[in-house]
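The values are calculated or read from the model by the stated rules, or taken from the named source; none is laboratory data. If you're wondering where the values come from, they're calculated on a predicted model, not measured in any experiment. Cβ coordinates were reconstructed from backbone atoms using ideal geometry, including for glycine residues, and neighbour counts include every protein chain displayed. With ligands, DNA and RNA removed, areas are computed over all heavy atoms of the protein, side chains included. Shrake-Rupley method; radii C 1.70, N 1.55, O 1.52, S 1.80 Å.
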Amino acid sequence: MQANLEKKEPFNAWPYAIVASIFGIIIACGVTIKIALDNPVQLDGGFYLSKYQDVDDTINELLAKQKIFDEAYSLEYGLRKITMGESTVIPIAVRAKADGTAIDSASIRLLVTRPDSNAFNIELTPTGMENGFYLFGPITIDLPGRWQLLSKISVGEKEGFIKHEIFATP
């Protein structure tokens, strides 16, 4: 009798590992897409009150305009702190650096925003003018902490962008 000895080949796990890796990558891609859809990127209007792409395309022009504006004008905010839950008017004065006179022909766009989120943005235009100050609001802030006032000011051909921080307290 002849012994029937079968040679068993050693188990090769590589094909199973490759197939499992491919399925793992597909599952990871699906999870990444799900997370991205649940947490969308917030559009950042940013310091220049424009989309990032527009700022990127014209940054040199914006910086040149900012330099010209800074040489001619200064901004004065009449507000450093806001009390939460109270109606607040935001005063902003544009003054000529040469003689300190108030400019009453400026076009101002103001964005009141949290530095960490666009969910609470408030965009304002002047509601009036008093004692050389453009008045914005009234607004009511309900969240404590740091807020930013992003201003886009145009006086004729000159254009400037100014950021000012205020704090909301209870």
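Note on the chain: with neighbouring protein chains present and a 1.4 Å probe, carbon and sulfur make up 57 percent of its accessible heavy-atom surface. Counting heavy atoms of the protein chains alone, SER105 has an accessible area of about 80 Å² for a 1.4 Å probe. Give me the angle, in degrees from 0 to 90, between the Cα long axis of helix 14-38 and the longest principal axis of the Cα atoms of the chain, rounded to the nearest 10. It is inclined by approximately 20 degrees.
For an R0 of 41 angstrom, estimate the FRET efficiency from the Cβ-Cβ distance between LYS34 and GLU61 and round to the nearest 0.05. List each step's numbers first, then the result.
On the way: r = 41 Å, r/R0 = 0.99.
The calculated FRET efficiency here is 0.50.
Grouping the Cα pair distances of the stretch 65-142 into 5 Å bins from zero gives a pair-distance distribution of 3, 14, 23, 22, 18, 12, 7, 2, 0 percent in increasing distance order.
Only helices enter this figure: runs of n ≥ 4 DSSP H residues, each worth -39500 (n - 2.57), summed and divided by the residues of the chain, yield -9500 deg cm²/dmol at 222 nm to the nearest 500.
Can you tell me how the stretch 52-108 classifies by the Cα gyration tensor, rounded, prolate or oblate, using a/c under 1.5 as the rounded cut? Present the calculation step by step, with values, prior to reporting the outcome.
On the way: a/c = 3.00, a/b = 1.34, b/c = 2.25.
Cα axes put the stretch 52-108 in the oblate bin.
Return one number: the angle in degrees, 0 to 90 and rounded to the nearest 10, between the long axis of the Cα atoms of helix 52-72 and the longest principal axis of the Cα atoms of the chain. Roughly 30 degrees between the two axes.
Given a 1.4 Å probe, how much area per residue of the chain is accessible, in Å²? Mind showing how you got there, number by number?
Numbers: 11690 Å² over 170 residues.
Here the residues of the chain average 69 Å² of exposed surface.
Grab the Cα-Cα distance for SER50 and MET129, subtract it from 0.36 nm times how many residues apart they are, and report the gain in nm with one decimal.
So the chain would gain 25.8 nm between SER50 and MET129.
Can you pull the percent of Cα pairs in the chain with separation above 27 Å? Roughly 48 percent, once rounded to a whole number. Springs join every pair of Cα atoms under 10 Å in this Gaussian network model of the chain, and among ILE68, ILE18, ILE153 the largest mean-square fluctuation is at ILE18.
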